[in-house]
C-alpha cells in the first residue's frame, strides 16, 4: 500500500499544471485551486493524498496550534504587542494605542553585533529604544550616525 501511495505522489510530478488543477478539484471536493504554481499544487495534492490515507491532524493538535498562535505568533511578534486588559483593548479600538514594534527588530534584551572598521559594536535592544556604550538612543539610525559620522538607515547598517 505504501508503494502505491508513493507512486501516486511521484506520478504527480509528471503532470501538467492543468492536470494538477483537475486532480486538485477531485481531491478537494470540486474546490478550484487558488494557484497556477505547479510546485504548490504538487505539494498540496501530495499532502491531501496522505491525509486521506493516514488521517489528518487531530482536533486536539489543531486546537493546541491555535492556542500557541494566539499566545505568541512568532512571525508577527504578536506576543510583544498583545493587549491584556479590557481598558487597553478599549484604547486600541479608539486608536489610542502605543506604537507597535517594528517587525524587523529582535526582542528586547537581544544584543545586535556588528564589526565596523575593526571595531566590534554591541547594541542592546531595549523595550523602548537601544543602548550603546551606556547611552540610550531612540533609533538604530542615531547609533549608526554616532559611529560613522554620516546618516545611515539603522536597519541597513546593522543588517536587520
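Note on residue 3 and residue 52: with the Förster distance fixed at 22 Å, the Cβ-Cβ geometry gives a FRET efficiency of about 0.85.
Applying 1/(1 + (r/R0)^6) with R0 = 41 Å to the Cβ-Cβ distance of residue 156 and residue 127 gives a FRET efficiency near 0.95.
Working from Cα pairs under 8 Å separated by at least six residues, relative contact order for region 2-54 is 37 percent.
Indicate the gyration tensor shape class of region 111-157 (rounded, prolate or oblate), computed on the Cα atoms with a ≥ b ≥ c the square roots of the eigenvalues: a/c under 1.5 is rounded; otherwise a/b larger than b/c is prolate and the rest oblate. Because a/c hits 1.5 or more and a/b fails to exceed b/c, region 111-157 counts as oblate. According to the calculation over all Cα-Cα pairs in region 2-54, the P(r) per 5 Å bin from zero is 4, 22, 34, 25, 11, 2 %.
Any idea how far the Cα center of region 32-65 sits from the one of region 133-160, in Å? The distance from the Cα centre of region 32-65 to that of region 133-160 comes to 45 Å.
Throughout, read-outs are computed from the coordinates displayed, never taken from laboratory work. Bear in mind that the values here come from a model prediction, so they are computed numbers and not experimental data. For neighbour counting, all protein chains shown are included, and Cβ atoms are generated from backbone atoms with ideal geometry for every residue, glycine included.
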